[in-house]
Every structure is written in C-alpha cells, then in structure tokens.
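One structure below.
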Amino acid sequence: MALKIRQGDVDDIVALVELGSEMHEEAPAFNKMDYDPKKLLQLGVVLSEQGGMFLAEKDDNEIIGMFLGVVMPHYFGSDLMANDLCFFVKKEHRGSTAAPRLIKAFEKWAWANGATALRFGISTGVEAKRTLKLYEKLGFSQDGYLVNKYYQSKKEKEKWEQAQTRKISS
C-alpha cells in the first residue's frame, strides 16, 4: 500500500467530517461532548482556504489520517505560532508512516508560512504516551500538561450514559 500525504482542499471536507466523527467517538476527552458535523464542515472550508489541512491517503483514495492546524500571531506579540487543531490516524494505520509524515508536512507548511514556533497538544486521551514519544522523536519537547474538567448536571449525565448504552447495544 502506497501512502500519499497531501494538502487537503474543499473536495476533502466530507472525508474530514467522517474522520472527525471517528475521532470524537474514540476519544475519551471528546466523546463526553456533543458532536456537530456542520461545525466541522465550516472548519474544513476555512482550513482549505488557509492551507492548514493535511491528509494521509491510500492508493484507493481512502483518507486514513489528518493533521489540521493554523498559523497565527501569538497572543504575547507578533511572532507567528503554528498550533494543531486536530491530529488523527485511523486505528488500523497507527504505527505506519502516516502519523510522522502528516506532522512533517504540517511542520514544513508552518515554517514556510512564517511560524517561529510549533505548539501541539495531545488532548484526545488516546495513546497519549505513544504520541508524545513520536513528537519527541521528531524533535519536539514537552513543555507542560493539559488538564480537563467537565460540567454535567445529573440530567445531562443520565442522558449521556443512556446514549452510550444505546451505542454499545446497537
């Protein structure tokens, strides 16, 4: 299987939304929150215009991974910083060259667009240690931690638990 890493465009937005759904469902840090495909469609349009969408594609045109990000001024000053918004590779393709090649493609694009720093997070709760090792292998260093806290009323929690039970039984 040959794997191609390429910059995405508007024609890729539907595949992006499908991957986003898969990522949302798998990620313990995200699946507690709602999922709105319309928001991902809007994000896809913006990123396709700005250029910060990179996709891993198999020979049969199946999109199996994505790295989405932006380059923008840091809030402390005018230096440009590249930030990730989403990094995901389908389970069956983890450990392939897809992940490092996606990161490198975004990195190259970010430097070419004036970034002076790259700042990526590992926020899904999926294979975090393995992902950190990959970033370190590519020259990144860990500078901090990410913490989460969620608010859920009792009614919302019950609704979420019922939805999870329906997913498991279907």
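See the values below:
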quantity: Yes/no for K108 being closer than 22 Å to L19 by Cβ and in contact with a strand residue (DSSP E or B) (Cβ under 7 Å, 6 or more places away or on another chain); calculated: no
quantity: Looking only at the stretch 109-133, and only at residues there that are in a strand (DSSP E or B) and of a type outside the set (G, A, S), the one that is farthest from P28 (Cα to Cα); calculated: T116
quantity: Q152 being surrounded by 10 or more Cβ atoms within 10 Å (Cβ to Cβ) and in a loop (DSSP other than H, G, I, E, B); calculated: yes
quantity: Matching residues, the stretch 7-31, being in contact with a Leu (Cβ under 6 Å, 6 or more places away or on another chain) and either in a loop (DSSP other than H, G, I, E, B) or open to solvent by 50 Å² or more (accessible area, probe 1.4 Å) (or both); calculated: G8
quantity: The stretch 64-108, residues that are open to solvent by less than 40 Å² (accessible area, probe 1.4 Å), over 19 Å from S141 (Cα atoms) and in a helix (DSSP H, G or I); calculated: H93, A98
quantity: Among (1) at positive phi; (2) within 19 Å of the chain's Cα centre (by Cα) - the single one I122 does not satisfy; calculated: (1)
quantity: Filtered residues of the stretch 50-81 (kept if over 11 Å from the mean Cα position of the chain (by Cα), aliphatic (A, V, I, L, M) and over 21 Å from K133 (Cβ atoms)); calculated: I63, V70, V71, M72, L80, M81
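The values are calculated or read from the model by the stated rules, or taken from the named source; none is laboratory data. Bear in mind that the values here come from a model prediction, so they are computed numbers and not experimental data. Methodologically, a virtual Cβ is constructed for each residue, glycine included, from the backbone with ideal geometry; neighbour enumeration extends over all protein chains shown. For accessibility, only protein heavy atoms count, side chains too; no ligands or nucleic acids. Shrake-Rupley method; radii C 1.70, N 1.55, O 1.52, S 1.80 Å.
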